[in-house]
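Have a look at the structure below, then the notes.
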Amino acid sequence: MYTILGATGNVGGKIADILMKKGEKVRLVARSLDRLRAKTGPAVELLAGTVLDTDFLVKAFTGSDAVFTLVPPDPKTADFIAYADAAGESIAQALKIARVKHVVNLSSVGAELPSGTGPITGLHNQEERLNRIAGLHVLHLRAGYFMENLLMNIGLIRAKGISGSAVRGDIDIPMIASRDIASHAAMRLMKRDFIGSSVQYLLGERNLSLGHATDILGRKVGIAGLGYVTFPYEEAEKGMIAAGLSPDMSRRYVEMSRAFNEGRIVVKRTADTTTPTSFETFCDEVFVPAYTQAKAA
C-alpha cells in the first residue's frame, strides 16, 4: 500500500497513475474528492481532506508501506512559512503516529539553504523536520524549476506577445518535467532502497535560461522572436498580486527569484541527476496543446 499526498497535482497525480498502471494498491489523498474521482480502480482508495488535520493524515498513512509527501501549494495564504510549518508539522506527527517507515518527500533545489529563498525556505524546514523522526527512512527529491511553471505565461504571451518573470533571462537553471519527478518518485517508493535521511537532485535533461526557453516556446507556437522580459522586482510582485496571489506569496516568489539571480541557488549536474524529458518534448506534448486550447477558448 502506498499513500500519495497531492494526488491530483502535477507530481502526485502522475505518481498515482504510474502505480495504478502497475496494479499497486494506492491510497490517494487530495483536498477535493471531485478531482480524485477520475482515479478509480479495484486497488484504489480515495481520501479527501486537509494536511492540516493530523487525525485525517494518520488515517491516510496507517498501513502504508511508503508515503509520498509534499507541502501542498497555497498561493493565497497570508503567511506561507507559517502555513508550511503547520502543514509540515501535521505531516510529521502523522507519520510518527502511523509508524511509517519509508517516505519520499518532494523538495526543491536550494532547500539546503535555511533562509533567503522564498517558499523554498518552507521546504528546507520540512526536510529538517522529517530528518528528526527516529526510525524514518526519508528520501528528499530536490527538483529543479518545473517546466510546467511556464504554462502560467500563456496569458501574458497571448495578451502582450511576451513572456517574463523576475528571474533574469540569461541565467541557466535546471528545468525538469514533472513526469520525470513522478517516474523517479514512483520507482523509489516501490524499491524502498534508501536508508536514513538522503537527498536526490533531479535536474531535467539540461540547464536552460528562461530567455532560451522562451525562444524555443515561440518557435513551437509559431511566434518568431518571442521575447523574454525580466521584470523589476517591485513590478513582478505587483503583477502576481493582481493575478490573485497573496502579498506574502508574491513577496516570497520575488525573494526566490532574487536568490536565483544572485547565484545563491547553485547545483552541480551529474549523470544521476539528469532526467530524460527534453524541453522540446515538453513543448510538443504539454505546452503547445495547452497554448492551442487557451487560444481556442
- Does ILE181 fit the bill of being over 23 Å from GLU255 (Cα atoms), outside the structural domain of PHE279 (by TED's automatic domain parsing) and free of Cβ contacts under 8 Å to residues at least 60 places away in the same chain? no
- Query: Taking region 49-72, which residues are closer than 30 Å to ALA242 by Cβ and surrounded by 15 or more Cβ atoms within 10 Å (Cβ to Cβ)?
  - Reply: VAL51, LEU70, VAL71, PRO72
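Here's the yes/no breakdown for (1) crowded, with 20+ Cβ neighbours inside 10 Å; (2) under 25 Å from ALA177 (Cα atoms):
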{"position": "ALA82", "(1), (2)": "no, no"}
{"position": "ALA87", "(1), (2)": "yes, no"}
{"position": "ALA98", "(1), (2)": "no, no"}
{"position": "VAL109", "(1), (2)": "yes, yes"}
{"position": "SER115", "(1), (2)": "no, no"}
{"position": "ILE120", "(1), (2)": "yes, yes"}
- Task: Assess whether LYS76 counts as being under 19 Å from the mean Cα position of the chain (by Cα), surrounded by fewer than 23 Cβ atoms within 10 Å (Cβ to Cβ), of a type in the set (Lys, Arg) and over 23 Å from ALA186 (Cβ atoms).
- Result: yes
- Quickly run through region 241-297 and pick out the residues that are among the acidic types (Asp, Glu) and within 18 Å of the chain's Cα centre (by Cα). GLU255
- Query: Residues of region 133-145 being surrounded by fewer than 18 Cβ atoms within 10 Å (Cβ to Cβ) and in contact (Cβ under 8 Å) with a residue 40 or more places away in the chain, which ones?
  - Reply: ILE133
- Note on the structure: Within region 19-42, of all residues that are in a strand (DSSP E or B) and in contact with an Asp or Glu (Cβ under 9 Å, 6 or more places away or on another chain), the one surrounded by the fewest Cβ atoms within 10 Å (Cβ to Cβ) is ARG27
- Query: Looking at this structure, is MET152 out of contact with any Gly (no Cβ under 7 Å at 6 or more places or on another chain), modelled with pLDDT under 95, surrounded by fewer than 17 Cβ atoms within 10 Å (Cβ to Cβ) and not charged (D, E, K, R)?
  - Reply: yes
- Item | Residue check, GLY225 farther than 21 Å from TYR291 by Cα and either small (Gly, Ala, Ser) or part of a loop (DSSP other than H, G, I, E, B) (or both) | no
- Could you tell me whether any residue of region 192-200 is surrounded by fewer than 18 Cβ atoms within 10 Å (Cβ to Cβ), within 21 Å of the chain's Cα centre (by Cα), aliphatic (A, V, I, L, M) and under 25 Å from ILE18 (Cβ atoms)? yes
- Do any residues in region 260-284 that are in contact (Cβ under 8 Å) with a residue 40 or more places away in the chain have Cβ atoms under 6 Å from those of residues that are surrounded by fewer than 20 Cβ atoms within 10 Å (Cβ to Cβ) and of a type in the set (Lys, Arg), where the two are at least six apart or on different chains, and which pairs are they? ASN261/ARG168; CYS283/LYS220
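The values are calculated or read from the model by the stated rules, or taken from the named source; none is laboratory data. Being a predicted model, the structure only gives us computed values, none of them experimental. When we count neighbours, we look across all protein chains shown, and the Cβ atoms used for this are built from the backbone with ideal geometry, even at glycine.
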